[in-house]
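In what follows, a structure is listed as structure tokens, so that the remarks can point back to it.
The values are calculated or read from the model by the stated rules, or taken from the named source; none is laboratory data. Everything numeric here is computed off the predicted structure, so don't read it as measured data. Reconstructed Cβ throughout: ideal geometry from the backbone, glycine too, with neighbour counts over all protein chains shown. Calculation scope for accessible area: heavy atoms of the full protein, side chains included, ligands and nucleic acids excluded. Shrake-Rupley method; radii C 1.70, N 1.55, O 1.52, S 1.80 Å.
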Amino acid sequence: VDVSGQRLDAEDPEHPVVVWTSVDVTERHRLTEELARQAHLDTLTGIPNRRALEKEFEKAMARAKRHDYLLAVVMMDLDHFKQVNDTHGHAAGDQVLRVIGQRLQSALRCTDFVARLGGDEFILLIEDCKDLDQISTVLDKVGQSVREPISLDNDGIVSLDLSCGVCLYPAVDAESPNALL
């Protein structure tokens, strides 16, 4: 509740008149929180978006440097995704992106991060790795989850693969997220 008071000029200065106003702002606060949430989530998949990635990326780099571990920055896209839209329609393509978003979140560890850049492009931040074998294990799990067939609402089934590029920080001499991307 927002409460405000306004003193009114009264004829009797010893007994001023104050008008109090109270307004229920529950709905305004709910909408503000919802807008803040939406500003950092991809509206289609419900996973973090580019804006959320920008906030998380620098923190992940700082953690990697501070704790002396590798941060794998993975740029991933879905192979032949355009064919899904062309063959099954855009609604099916949207469904596939939602499923892939959920699968990516499930395949990653709780210390890792996934964001959708747009289209069929995703960024993975794989943290807390001491060697390439740990990164490879996570990427194998990601690959398996993406390759699982997806049953569409229109009774179709699609299978996709992925392509990705990996950059390791601090092995790469870059001091900004953009340089790593």
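When Thr111 is tested against (1) without any contact (Cβ under 8 Å) to a residue 40 or more places away in the chain; (2) farther than 30 Å from Leu180 by Cβ; (3) touching a strand residue (DSSP E or B) at 6+ places or on another chain (Cβ under 9 Å); (4) among the polar types (S, T, N, Q), exactly one condition is not met: (2). Take the residues of the stretch 139-159 that are open to solvent by less than 90 Å² (accessible area, probe 1.4 Å), of a type outside the set (S, T, N, Q) and touching a residue at least 40 places away in the same chain (Cβ under 8 Å): which is farthest from Leu124 (Cα to Cα)? Within the stretch 139-159, the match that is farthest from Leu124 (Cα to Cα) is Gly156. The residue that is least open to solvent (accessible area, probe 1.4 Å), among those in the stretch 97-121 that are within 18 Å of Val84 (Cβ to Cβ) and among the small types (Gly, Ala, Ser), is Gly101. Taking Leu124 as the residue in question, decide whether it is open to solvent by less than 80 Å² (accessible area, probe 1.4 Å) and touching a Cys at 6+ places or on another chain (Cβ under 7 Å). Judged against the criteria, Leu124 is not a match. Listed by position, the strands (runs of 3 or more DSSP E) inside the stretch 1-86 whose residues that are more than 30 Å from Leu168 (Cβ to Cβ) number at least 2 are 2-8, 17-23.
Taking residues in the stretch 31-50 that are open to solvent by 90 Å² or more (accessible area, probe 1.4 Å), and partners anywhere that are at pLDDT below 95, the pairs with Cβ atoms closer than 7 Å and at least 6 places apart or on different chains are Arg50/Leu117. Screening the candidates Val73, Val84, Val25 for the property of being among the β-branched types (Val, Ile, Thr), at pLDDT below 90, surrounded by 11 or more Cβ atoms within 10 Å (Cβ to Cβ) and out of contact with any Ser or Thr (no Cβ under 6 Å at 6 or more places or on another chain) yields one hit, Val25.
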